[in-house]
1. In whole angstrom, how long is each semi-axis of the equivalent ellipsoid of the chain, when you take the square root of 5 times every eigenvalue of its Cα gyration tensor and sort them from largest down?
2. Excluding residues fewer than 8 places away in the same chain, name every one of the lysines whose C-alpha is closer than 20 Å to that of Lys35.
3. Using Cα pairs under 8 angstrom and six or more residues apart, how large is the relative contact order of the chain, in percent?
4. Could you run the Karplus curve 6.51 cos²θ - 1.76 cosθ + 1.60 with θ = phi - 60° over the range 40-55 and give me ³J(HN,Hα) per residue in whole Hz, x for Gly and Pro?
5. How much length is gained if the chain between Glu24 and Phe67 is pulled fully straight, taking 0.36 nm per residue apart and subtracting their Cα-Cα distance, in nm to one decimal?
6. Under a straight-distance cross-link criterion of Cα-Cα below 16 Å, which lysines are reachable from Lys48, leaving out those fewer than 8 residues away in the same chain?
7. Using packing as a proxy for protection, rank 35-43, 50-58 so that the peptide with the highest average count of other Cβ atoms within 10 Å comes first.
Amino acid sequence: ELIVGDECFQFVKDLRIVGLNALEKVEIGKQCFCKASGGAFEIRNCEKLKSVKIGDGSFVSVVSVVFESECYVEVVME
C-alpha cells in the first residue's frame, strides 16, 4: 500500500505509479500535490490494485489524470 498524509507533497508536479504489481491500495490525503501548476497523476499496470482514495483538494492543478488497470474495486475522490 501507498499512503500519503494530509498536506504532503504540495509542490510536487507529477505522480506516476506504474508497474507496481503487488500494490493493492493507494490513499492520498487532503491538500496534496496541489501547489504546482500543470503536471500529471497516473496509475498504470498495477495488477493487484483494488482501492484508490484521493482526499479533498488534492491534484487540483494537474492537467492529466490517467487510471489504467482492470482490477479496481473502488475509486473514491472526495
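1. 20, 13, 10
2. Reachable lysines: Lys13, Lys53.
3. Relative contact order comes out at 32 percent.
4. Values per residue, Gly and Pro as x: 8, 10, 9, 10, 9, 6, 10, 4, 9, 5, 10, 9, 10, 10, 10, x Hz.
5. The Glu24-Phe67 span can extend by a further 14.1 nm.
6. Partners within reach: Lys25.
7. Top to bottom by mean Cβ count within 10 Å: 50-58, 35-43.
Only the coordinates and a few stated rules stand behind these numbers; no lab work does. Given the structure is predicted, the values throughout are model-derived calculations rather than measurements. Because the Cβ atoms are built from the backbone with ideal geometry, glycine has one as well, and the counts that use them run over all protein chains shown.
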